[in-house]
Amino acid sequence: MIMDAARTLFVNKGYQHVSMRQIAKELEYSHGAIYYHFKNKGELFYALVEEHFKMLDQILDEILEKEIEPKEKIREVLIGFMQFGLTHQNHYEIMFLTKDEEVRNFLSQSPNKSYEKFAQALSLLSERKLSIQDIWSIFISLHGFVTHYSRHVTSYEDVQGMAAAHADFLLRSIR
């Protein structure tokens, strides 16, 4: 409950403008109860980010374990990323769109590990050798899709067809 309340406040007000007292007030807890679980706001933020990247990694792992053709697996990886971002819009915003300098210091290796997993999957599954720039461009394209539609839709299902079309477009570029 603490993490859910903090996530909402961080997204709505920004990291700098949220205090542990505000999170406690939102939950109708004493701020001491929040400090029992997290020693400070940074630790709470870090816990959120770690949880979110674990969710994204789990989706990628599940896709990679499927017994399907490599081309279809890449397609599912691309769609899985967009689906995660639009299904968990608050999570995605905290993971990728928080600009606060102090917040960047709380991020561990989770973003890098997730990106590495994504990059390795594309590299291993692609029929042709992909450059670092190719993989980065694909990632940025997916990120752009998610950030664009997260401002306009409430769920992945609202743009499911567009996500599939975007994945197919990206697949054509890496064959």
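The values are calculated or read from the model by the stated rules, or taken from the named source; none is laboratory data. Bear in mind that the values here come from a model prediction, so they are computed numbers and not experimental data. Ideal geometry is used to build each Cβ from the backbone, glycine not excepted, and the neighbour counts take in all protein chains shown. Note: areas computed on protein heavy atoms with side chains; ligands, DNA, RNA excluded. Shrake-Rupley method; radii C 1.70, N 1.55, O 1.52, S 1.80 Å.
Observations on the model:
- Sum of -39500 (n - 2.57) over DSSP H runs of 4+, divided by residues of the chain (222 nm, nearest 500): -23000 deg cm²/dmol
- Of His148, Leu171, Met95, farthest towards positive along the dipole that unit charges on Lys, Arg, Asp, Glu beta carbons give the range 49-172: Leu171
- Average accessible surface area per residue within the chain, 1.4 Å rolling probe, Å²: 56 Å²
- For the range 116-131, backbone phi angles converted through the Karplus equation (6.51, -1.76, 1.60; θ = phi - 60°) give residue-by-residue couplings of 4, 4, 4, 4, 5, 4, 4, 4, 5, 8, 6, 6, 10, 6, 9, 7 Hz, Gly and Pro being listed as x.
- A Gaussian network model of the chain, with springs between Cα atoms under 10 Å, assigns the largest mean-square fluctuation among His91, His143, His37 to His37.
- Note on Thr147 and Asn90: with the Förster distance fixed at 22 Å, the Cβ-Cβ geometry gives a FRET efficiency of about 0.95.
- ³J(HN,Hα) computed for each position of the range 89-94 - Karplus, 6.51 cos²θ - 1.76 cosθ + 1.60, integer Hz, glycine/proline x: 4, 5, 4, 4, 4, 5
- Cα centroid separation, the range 20-90 to the range 125-142 (Å): 24 Å
- Percent accessible area from carbon and sulfur atoms, the range 1-148, protein chains only, probe 1.4 Å: 51 percent
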